[in-house]
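Below you'll find the structure, written out as structure tokens, and then a few comments.
The values are calculated or read from the model by the stated rules, or taken from the named source; none is laboratory data. These numbers were taken from a predicted model, which means no experiment stands behind them. A quick note on method: Cβ atoms are made from the backbone with ideal geometry, for glycine too, and the neighbour counts reach across all protein chains shown. Please note that ligands, DNA and RNA were not included when accessible areas were found on the heavy atoms of the full protein model with its side chains. Shrake-Rupley method; radii C 1.70, N 1.55, O 1.52, S 1.80 Å.
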Amino acid sequence: MKVKRWSALGVRISELARQAGTTPRALRYYEEQGLLRPARLASGYRHYEPQAVGTVRHIQLLLSAGLNTTAIAEILPCIPDDVTVLAPTCPELLDALAVERNRITTSIDRLAAARAVLDRLIQAGSGARDQP
DNA sequence: CTTCTGACA
DNA sequence: TGTCAGTA
């Protein structure tokens, strides 16, 4: 069996990006934000462990949930490397998540208010459109 | 050829 | 986030 025994436990940035469905640019950004801490090869290239794929997916999920990188940096360490589905590990995590939930609720309220303004504008102008 | 850092839009 | 430059 001719396996690539030298990198059997890790991949370089392009590979991880491919496996996680993202770009090398994003992975470097995550690291800059303290979300990833890849090892470095003698060449200076970043070296990611196999479980990094899961970590990146967690990051993307949290990002899509509206959390900023700072919040994710605090939450990530509460998630086991091998976990498949996101599940609370630390009790403090629940409080942090509640804070984020409130942040999202506030955003929704602001957007709803903005939509209400547009609704009024649209209704006020609907008559002028028929008889220009 | 791939990646790295820094930088610009 | 994409992309370019100049390297290693």
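Okay, here's what the table says:
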| quantity | calculated |
| --- | --- |
| Accessible area, probe 1.4 Å, largest first, for residues A:Leu9, A:Leu27 | A:Leu9, A:Leu27 |
| Dipole-positive endmost among A:Gly21, A:Ala96, A:Ala113 within chain A (Cβ charges, Cα centre) | A:Gly21 |
| 0 to 90° range, to nearest 10: angle between helix A:52-64 axis and chain A longest Cα axis | 10 degrees |
| Student exercise, chain A dipole from Lys, Arg, Asp, Glu Cβ charges, in Debye to nearest 20 | 700 debye |
| Solvent-accessible area of A:Thr70 with every protein chain in place, 1.4 Å probe, in Å² to the nearest 10 | 90 Å² |
| Nonlocal amide H pairs with A:Leu36, under 5 Å, H built at 1.01 Å | A:Glu31 |
| 5 angstrom amide H check on A:His47, placed H, neighbours 5+ away | A:Ala39, A:Arg40, A:Leu41 |
| Leading residue at positive end of dipole, segment A:47-128 (Cβ point charges), from A:Leu63, A:Ile75, A:Tyr48 | A:Leu63 |
| Rounded percent of accessible protein surface that carbon and sulfur make up, segment A:65-119, 1.4 Å probe | 62 percent |
| Accessible area expressed per residue, segment A:7-130, with surrounding protein chains retained (probe 1.4 Å, Å²) | 67 Å² |
| All-pairs alpha carbon distance profile, segment A:7-130, 5 Å steps from 0, percent | 2, 10, 16, 17, 13, 10, 8, 6, 5, 5, 4, 2, 1, 0, 0 |
| 0 to 90° range, to nearest 10: angle between helix A:91-130 axis and chain A longest Cα axis | 40 degrees |
